[in-house]
Amino acid sequence: MSTIFFRRQWIVPYLFLAPALLGTIVFKLYPIFLGFWESLIYTSFGGGIEKRTFVWFENYQYLFDDPLFWQSVKITSILTVIINPLQISISLGLALLLMRRTRYIRIIRSLYLLPIGIALPIATIIWGLMLDPYQGLINGFLGIFSIPPQPFLVSENQALWSIMAIATWKGVAFWMLFLLAGLEDIPTQFYEAAQIDGANPFQKFRYITLPLLRRTILFVFVADTAANFVLMVPMIILTKGGPMQSTNVLVFEAYRSGFYYQDWGRSLSIITILTVITLIVIGLQLLFLGESRSERKI
Amino acid sequence: MTTHLNKNWSIYLWYIIIIIGLIITVTPFWWGLAGSFKDNTTIFSEVNPFSLKALIPGHSLEAYIAIFENNFGRAIFNTLLVSILSVIGGVLINSLAGFAFAQFRFKGDNIIFGFVLLSFAVPADAIAIPLFKMIRQIGWFDSYYALIIPMLSNGIIIFLFRQFFLGIPKDLIDASRVDGLSWFGVYWKICMPLSKPVILGASLLLFVFQWESFLWPLIAAPSPELNLIQVALARFSTEFAVLWNQQFAASTIAGFLPLIFIYMFQKQFVSALTGVEQK
């Protein structure tokens with residue numbers, strides 16, 4: 001018995017690996033391919049009967065001819081270009097401010113990290129009420145300074161900005177956590193040496209903090225971009241892509257095509273495009289970060 | 001003298017920025033908490049015109065009683081059930097995989113490891129729609145299976161366990177092997193009992209992940225009796241759009257448990273999330 005077992009030793013690691021690997025392949029990788037495959041199929045519902053036709057890239061062709069799709073591309077681009085630098089600069093700035101050794105710093109940090117513990121749907125709902133045009137706290141507050149009530153989420157011009165504000169409130173705390181951990185990892189001797197050499201705070205930031213934090217910042221930048229690319233909880237709960245398509249990002253357009261209109265070919269074409277872009281972004285990350293993983297301590 | 005003055009200025013500026021930031025961070029949360037103990041007329045009257053009373057908690061439990069009459073208890077039960085099963089299953093299968101990556105050199109190990117990490121870099125929400133199609137094909141649509149099983153294997157947690165197991169002295173493992181312990185015995189009797197900090201961190205991640213999940217349970221299990229807490233909350237906010245106190249009360253309950261856990265085990269949670277040991 002034991003000799004047979006001994007001879008079959010090579011199988012042992014694969015047995016340990018099997019459940020998690022199976023889960024990864026079936027539930028994380030296969031759906032990506034399934035999504036692509038289904039994006040090549042057109043489903044019609046003639047006379048209540050579902051009919052599936054393989055149409056090659058026709059769904060994509062329809063998509064590219066559709067102004068609604070390009071509107072979504074535009075909204076997604078605006079969101080991506082603004083929200084990521086915004087979140088990263090605020091979280092980096094805050095992380096630097098919170099490195100000050102002072103009394104109460106632990107409590108202050110904990111309070112700043114509060115939004116991590118608040119799920120996005122909760123944050124969305126509370127902020128939706130905060131931004132209510134008639135009874136919201138923000139307009140109540142603005143009223144003190146005699147500023148007229150703002151429409152926020154119900155206005156074509158302000159809705160996307162309001163959603164960016166909500167996502168930033170939630171996101172900044174999360175990304176700051178990584179930046180704080182990275183900052184804590186920089187040995188204090190470097191700063192002490194710079195102090196002796198008479199470096200000013202800007203020089204310390206430029207020549208010590210920034211180079212040593214580079215990998216963390218890159219990681220945060222890529223992960224944040226990938227996360228905001230599929231940001232749609234505020235749209236599902238608050239705006240439904242409106243008003244006037246002004247918050248209809250690509251991923252929400254995919255959700256709506258599928259779940260509102262049962263147009264799965266269109267929905268999964270968009271998802272496939274999004275997945276390809278995400279994979280490119282992640283590929284760039286691996287290219288830039290390279291060996292960083294082995295350097296991270298546990 | 002000038003430098004002294006300069007230094008003071010920078011401290012004042014620091015405090016001003018920090019306090020403004022704190023107000024922005026904490027106010028929405030606090031306003032919701034305070035409002036959950038009030039009736040709706042009071043909430044509206046304190047905001048318009050604005051009064052600081054809006055931030056002082058009331059003492060009415062009416063909203064909490066009302067949400068439980070609307071079956072919010074079922075959502076709490078579902079979420080607890082799904083979270084706990086996900087923690088048990090997730091810790092088990094991911095630690096097994098972490099053990100394989102840490103203890104064995106085998107054909108394709110680096111490729112499989114890179115593959116696992118890469119597959120988890122794709123945000124879960126991006127594959128939710130194709131995963132939904134697949135779940136419907138295999139008949140798990142609108143079931144507990146759909147809520148739990150696809151969420152078990154997790155690259156971050158495999159990575160955490162692998163890193164921890166790499167730190168266990170090789171001598172200890174060799175000695176137990178010589179003593180006749182099987183590989184599973186080494187994993188179960190030697191490595192797992194040593195891994196309490198990682199198990200705690202991984203459990204927290206898995207628990208919070210399920211407790212806060214929204215998009216997947218929304219599309220995979222839409223029946224009200226299968227609603228998880230965030231989905232039930234979103235449903236409330238549409239169905240009872242004018243009853244703000246009930247939305248506040250539901251949000252407070254949905255937000256409370258993860259916050260308690262995260263603050264109780266802040267160190268382990270942050271370590272697990274960032275992969276950096278906290279000092």
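The values are calculated or read from the model by the stated rules, or taken from the named source; none is laboratory data. If you're wondering where the values come from, they're calculated on a predicted model, not measured in any experiment. Here the Cβ is made from the backbone with ideal geometry for all residues, glycine too, and neighbour counts use every protein chain on show.
Overview of results
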| item | result |
| --- | --- |
| Helices (runs of 4 or more DSSP H) enclosed by the range A:10-64 - at least 2 residues per element that are at pLDDT 90 or above, within 25 Å of B:Q103 (Cβ to Cβ) and β-branched (V, I, T) | none |
| First in the range B:52-78 and more than 25 Å from B:I24 (Cβ to Cβ), second anywhere and of a type in the set (F, W, Y) and part of a loop (DSSP other than H, G, I, E, B), Cβ under 6 Å, 6 or more apart | B:H59/B:F37; B:S60/B:F37 |
| Search result, residues across the range B:125-139 that are crowded, with 18+ Cβ neighbours inside 10 Å and of a type outside the set (D, E) | B:A126, B:I127, B:A128, B:I129, B:P130, B:L131, B:F132, B:K133, B:M134, B:I135 |
| The range B:163-185, residues that are assigned to a helix (DSSP H, G or I) and in contact (Cβ under 8 Å) with a residue 12 or more places away in the chain | B:Q163, B:F164, B:F165, B:L166, B:L172, B:I173, B:S176, B:W183 |
| Within the range A:153-199, considering residues that are within 11 Å of chain B (Cβ to nearest Cβ) and charged (D, E, K, R), the one surrounded by the most Cβ atoms within 10 Å (Cβ to Cβ) | A:K170 |
| Answer residue from the range A:200-228, given it is more than 14 Å from A:F178 (Cα to Cα) and basic (K, R) and is surrounded by the most Cβ atoms within 10 Å (Cβ to Cβ) among those | A:K204 |
| B:L228 being within 27 Å of B:A128 (Cα to Cα), in contact with a Leu (Cβ under 8 Å, 6 or more places away or on another chain) and touching a residue at least 24 places away in the same chain (Cβ under 8 Å) | yes |
| Helices (runs of 4 or more DSSP H) contained in the range A:195-283 and holding at least 3 residues of a type in the set (D, E, K, R) and under 17 Å from the mean Cα position of the chain (by Cα) | none |
| Test result for A:L120, touching an Asp or Glu at 6+ places or on another chain (Cβ under 8 Å) and in contact (Cβ under 8 Å) with a residue 40 or more places away in the chain | yes |
| Complete set of residues in the range B:131-162 that are more than 13 Å from B:L96 (Cα to Cα), within 10 Å of chain A (Cβ to nearest Cβ) and assigned to a helix (DSSP H, G or I) | B:L131, B:F132, B:K133, B:M134, B:I135, B:Q137, B:I149, B:P150, B:M151 |
| Number of positions in the range B:92-107 that are within 8 Å of chain A (Cβ to nearest Cβ), of a type in the set (S, T, N, Q) and closer than 13 Å to B:M192 by Cα | 1 |
| Extreme residue, farthest from the other protein chains (Cβ to nearest Cβ), among residues of the range A:123-150 that are free of Cβ contacts under 8 Å to residues at least 24 places away in the same chain, of a type in the set (V, I, T) and not in a loop (DSSP other than H, G, I, E, B) | A:I138 |
| Residues located in the range A:64-80, provided they are more than 27 Å from B:E212 (Cα to Cα) and either over 20 Å from the mean Cα position of the chain (by Cα) or β-branched (V, I, T) (or both) | A:F64, A:D65, A:D66, A:P67, A:L68, A:F69, A:W70, A:Q71, A:V73, A:I78 |
| Given (1) surrounded by 12 or more Cβ atoms within 10 Å (Cβ to Cβ); (2) over 29 Å from the mean Cα position of the chain (by Cα); (3) without any contact (Cβ under 8 Å) to a residue 24 or more places away in the chain, number of the condition A:W56 does not satisfy | (1) |
| Scan of the range A:59-85 for residues that are in contact (Cβ under 8 Å) with a residue 40 or more places away in the chain and more than 23 Å from A:G242 (Cα to Cα), ordered by number | A:N59, A:Y60 |
| Qualifying residue in the range B:8-30 (condition: out of contact with any strand residue (DSSP E or B) (no Cβ under 8 Å at 6 or more places or on another chain), touching a residue at least 12 places away in the same chain (Cβ under 8 Å), closer than 24 Å to A:L113 by Cα and not hydroxyl-bearing (S, T, Y)) | yes |
| Test: residue in the range A:234-245 that is farther than 13 Å from A:I83 by Cβ, modelled with pLDDT under 90 and of a type in the set (S, T, N, Q) | no |
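Yes or no, residue by residue, for (1) surrounded by fewer than 23 Cβ atoms within 10 Å (Cβ to Cβ); (2) assigned to a helix (DSSP H, G or I); (3) away from every other protein chain (no Cβ under 12 Å):
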{"residue": "A:P85", "(1), (2), (3)": "yes, yes, yes"}
{"residue": "A:L96", "(1), (2), (3)": "yes, yes, no"}
{"residue": "A:M99", "(1), (2), (3)": "yes, no, no"}
{"residue": "A:R109", "(1), (2), (3)": "yes, yes, no"}
{"residue": "A:P121", "(1), (2), (3)": "no, yes, no"}
